[in-house]
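First the structure, in the form of structure tokens, and then the observations on it.
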Amino acid sequence: MRRPGLFIGVLACAALAYIGWNTLRTEGPGSRGPAQGRELPRFAVPLALSDLEGDANVSGRACSVRGPKVLNSCELAKRGPVVLTFFAEPVARCDDEIDQVERMRARFPDVQFAAVAIRGSRADLRRRVRDRGWELPVGYDRDGAVANQYAVAVCPTITLARDGKVVQTLLGSQDDAQLENAVRELQ
């Protein structure tokens, strides 16, 4: 007598065992963002409001992709401490965090603030940037490659760096005091 249910059950258990084994042996950033002390992952993406089209460049040559239509992590890091906020479209709590970061920029003129929108509609993103009055550079990660480099799994995710090295990554919404304290530690 054949038992197809038994075969499928054994197959499912084997698949789960493999996934568990693979997860335990894989060393990676997980959803915590890049490791503290690690070099800020390199990328270049089109600025949301520009007419530049294309996917993110996360290769070793990303630092050489520059210009007025590009958000480049290497360029940001060269100018000073960096606060890089990742958000998804459209998620209200993420947009609220960008509003908060935007307001904070004036208090920290030596810090490079930028945001990266992950996937979503670029037309909607452009409208949102204009409607909310965001003046910080907002990059568009059309294919999600930058989000993968930074292990973004929570919206918002804020990576803070100094001297080109990751200092910390904040996961989820931060209140004004938490974010201000984290930015102050960069200086």
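The values are calculated or read from the model by the stated rules, or taken from the named source; none is laboratory data. Not measured: the values here are computed from a predicted model. Neighbour counts are summed over all protein chains in view; Cβ atoms, including those assigned to glycine, are modelled from backbone coordinates with ideal geometry. Protein only, heavy atoms only, side chains kept; ligands, DNA and RNA dropped before computing areas. Shrake-Rupley method; radii C 1.70, N 1.55, O 1.52, S 1.80 Å.
Given the Cα-Cα distance of Glu185 and Arg130 and 0.36 nm per residue of separation, how much length would full extension add, in nm?
The span from Glu185 to Arg130 would gain 16.7 nm if fully extended.
Just to verify a number: what accessible area does Glu185 come out at with the full protein assembly present, 1.4 Å probe, Å² rounded to tens?
110 Å²
Whenever you get a sec, compute what percent of the accessible area on region 40-160 sits on carbon and sulfur atoms (1.4 Å probe).
Taking all protein chains in place, region 40-160 shows 47 percent carbon and sulfur surface.
Using a cut-off of 11 Å between beta-carbons, work out the net charge of the residues near Glu180 (Lys and Arg +1, Asp and Glu -1, Glu180 not included). Walk me through the intermediate numbers first.
On the way: positive: Arg103, Arg107, Arg184; negative: Asp175, Asp176, Glu185.
Net charge in that neighbourhood comes out at 0.
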